[in-house]
Each structure stands twice: as C-alpha cells, then as structure tokens.
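Values quoted throughout were computed directly from the atomic coordinates according to the rules given, and no laboratory measurement underlies them. Owing to the predicted nature of the structure, the values given are computational and were not obtained by experimental measurement. All Cβ positions, even for glycine, are placed from backbone atoms using ideal geometry, and neighbour counts span all protein chains on display.
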Amino acid sequence: MPLTDSYGRVLKDLRISVTPRCNYHCLYCHPLGMQMSDPPGTVSVTDIKHLLSAAAALGMDAVRFTGGEPLVRRELADMIAAAAETPGVKDVAVTTNGSLFRKRHKELLAAGLQRLNFSLDALDPQIFATLTRGADIKQVLDAIELALELELHPVKINAVVIGGVNDSEVVALAALSLEKPLHVRFIEYMHLNNAPFEEYRRQFVPGEETRRRIEERFGPLQEVATSPSAPARLWRIAAAKGTVGFINSVSQPFCSNCSRLRLTSDKKIRPCLLTDLELDVSWAFTAADPVGALRQALLTAAGKKPEKGSTLPTIRQRVMLGIGG
C-alpha cells in the first residue's frame, strides 16, 4: 500500500537535508549574519540507510538530497550510494549550487547519482554575486555544462525571482532552454527567510508576470504535459530543445497534489514546507529496530500533513537554510 496522508495524497518524494551549511549566502535563503554548522546528532550515513529502508517499504521511491549545500558534506557520496542501493528507490537526485560539482562529480556518479537541480538565479555576474553575496558564476555555469556532457538528464535549473534584484534576468535565463535540453524553472519568492514584510511584498513577483515577460520576447509558450504531483507547470518556447517551468507556490499553491515529506539534518520530519510543524524523530534512529520505528514515524508524519500551508508573510521558526530545499 502506498503512503497516503489524511487527504488521500500519495507521498512518494522524500527530501533529505544533509547539512545546514552552505558556501553561498543567497538572499532568499540565508539571512545576513546567520551562521550555520552541523549540530550534534546530524543525520549520518547509517541513519539515512535506515530511513530509506523505511521509506521505500512505504512506497516512497524518489530521494533528493538537499542542504544547505549538500556537496559540502563529506559523506554525501556514501549517502547517495545508500539511496541507489535501496530496493524500490527509482530516482536519486541532488539540489546544489554547483560550485563543488566539478571537484566531486566522479565519486558522486560512481555512487549512483542520477540527476541534479542547479540553483542559478541570474546570468549577469554582478547580479549573481549580489544574490549569492559574493559567489562566482563561472563555477555554476561550468557545473551545468558538465552535467549536460555527462547526460544527467533532465538537468534542471531553479531560479527564484526577486523584484528589483534579478527579475530583469528572466528572459536571459529562459533563453538557456533554446539550444540545450535544459529545464529552466522560475520559482516565486517565498517568505522563508524572515525578511521584513513590506520588503518582501515589494519584491514578490507573481509567476504570471514572469511568464508574460518571457512571452513578450519569445512569443506564446507551448504547454508540455506535466505530472500533477510535480511542482512546476512546464512550457516550451517554440522550437526550443529544453523547457521553461513555473513554480507558483504563492500565487497558485499546489498543495492538493503535494507528494513530499522532508527530513531536516537534525532529524525532524516536516510534513509541509510552509508551516512550522515538525516532528522530532531522533528517537527512531536509536530505537532497537530503527527501520520499524522510522516507518511508524513516517506514517505519523503523513497523518499530520496539513491540507495546505501558509504562503502569507510570517515569522518562521526556521528559515529555508535550516529546513532544506
């Protein structure tokens, strides 16, 4: 029987944050001055093996490792191998800023990595540096090219659109899909960094506005068939090799089709990204039968998954960096 919540949604996607540390400091994720380190009890390779066995037994078949920046975690390759070796797991992915992919790609591929989601919010080097507070865009572009060379399809690019910061970049980013099979996804800016409310409202750009800008440049977009549980609605610029997608989490919430549970790096399950509800499951990892205990913890979390989260600006107990993407 598949894992379902109280509203009949099938939960098949497990996102595991392996660290809150990141070598970038992006505006929408990392509040200025906030320092993150791996706390005592951070999820280990053995923990992940037990969790994946429990999740796969409940029909969860897609695993994405997140952070922070997951590639700063030394044990990431072993974690990927644990996922790839778990019977029933079909999809093993990583969300990354790409800065360390060239350095680590061989060990990650050998472990069983199948695909990547890259964070790339601008192509202009100065705008990119502003968004990330000082990062070098060359590393990210190199990582994306390497992923294409290695045929890690689909290669996805995530861009959070922030008014007055990088909204001028959406046409250039969409153009990346023209000549290469890249899936460029534009994400509405969510209030997950505890930014001042008025500042956030001023900087929020609806996905429909982003789409309008792209269509003004390239003409009407062609709809691409998309799984209902996928967060992005996909479209294609005429004759493009790739696609553009819109994740309109704020203006068009897709809660009714959400298929995800998240584990934070400090062993808390979050049934919903957009609420502060967390279940501390650290006890399950140290139980006499950790797989059985974690199976029960996942069932409990599924039962507590809310019908919908709050997209309104509000002070969060934990910001995006600590939650995991």
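Subtracting the Cα-Cα distance of SER310 and ASP61 from 0.36 nm times their residue separation leaves 86.9 nm of extension gain. Measuring r between the beta carbons of GLN296 and ASP78 and using R0 = 22 Å, the FRET efficiency lands at 0.30. Amide H to amide H, with H built 1.01 Å from N, VAL205 comes under 5 Å of GLY163, TYR189, counting only residues 5 or more places away or on other chains. Across the range 4-17, computed HN-Hα scalar couplings (Karplus, 6.51 cos²θ - 1.76 cosθ + 1.60, θ = phi - 60°) run 10, 9, 5, 10, x, 6, 7, 9, 10, 10, 10, 10, 10, 7 Hz from first to last residue, x flagging Gly and Pro.
In nm, what is the difference between 0.36 nm times the number of residues separating THR4 and ARG212 and their Cα-Cα distance? Walk me through the numbers on the way to the answer.
Details: separation 208, 0.36 × 208 = 74.88 nm, distance 3.64 nm.
So the extension gain works out to 71.2 nm.
Taking amide H positions as modeled 1.01 Å from N, with prolines and chain starts lacking one, the residues under 5 Å from ASN97 and 5 or more places away or on another chain are SER119. Residues TYR28, TYR200, ranked from the fewest to the most other C-beta atoms within 10 Å, line up as TYR200, TYR28.
Note on the chain: antiparallel DSSP beta bridges, both residues inside, total approximately 25 percent of the bridges counted. Restriction of the trypsin sites (Lys or Arg not before Pro) in the range 241-301 to DSSP coil positions whose beta-carbon has at most 13 other beta-carbons within 10 angstrom yields LYS241.
Its DSSP H runs of at least 4 residues, each contributing -39,500 (n - 2.57), put the calculated 222 nm mean residue ellipticity of the chain at -9000 deg cm²/dmol, to the nearest 500.
Rank these for me by crowding, ASP280, ASP13, ASP38, going from fewest to most other beta carbons within 10 Å. Each step should come with its number before you reach the end.
On the way: ASP280 12, ASP13 21, ASP38 16.
Exposure proxy ranking, most exposed first: ASP280, ASP38, ASP13.
Of [x] 30, 22, 20; [y] 31, 23, 17; [z] 36, 26, 18, which one was derived for semi-axes √(5λ) of the Cα gyration tensor in Å from the structure shown? Of the listed options [x] 30, 22, 20; [y] 31, 23, 17; [z] 36, 26, 18, [x] comes from this structure. For ILE157, the amide hydrogen comes within under 5 Å of the amide hydrogens of PHE118, HIS183, VAL184, ARG185, counting only partners 5 or more places away or on other chains and with H modelled in the peptide plane. Compared with the alpha-carbon gap, the fully stretched path from VAL224 to GLN126 is longer by 32.0 nm at 0.36 nm per residue.
Residues in the range 219-226 carry Karplus couplings, in order, of x, x, 7, 9, 5, 10, 4, 9 Hz; the curve used is 6.51 cos²θ - 1.76 cosθ + 1.60 with θ = phi - 60°, and Gly or Pro positions show x. When ARG74, ARG104 are sorted by how many other C-beta atoms sit within 10 angstrom of their C-beta, beginning with the fewest, the order is ARG74, ARG104.
Within the same chain, lysines fewer than 8 places from LYS241 are excluded, and of the rest, those with a Cα less than 18 Å from its Cα are LYS156, LYS180.
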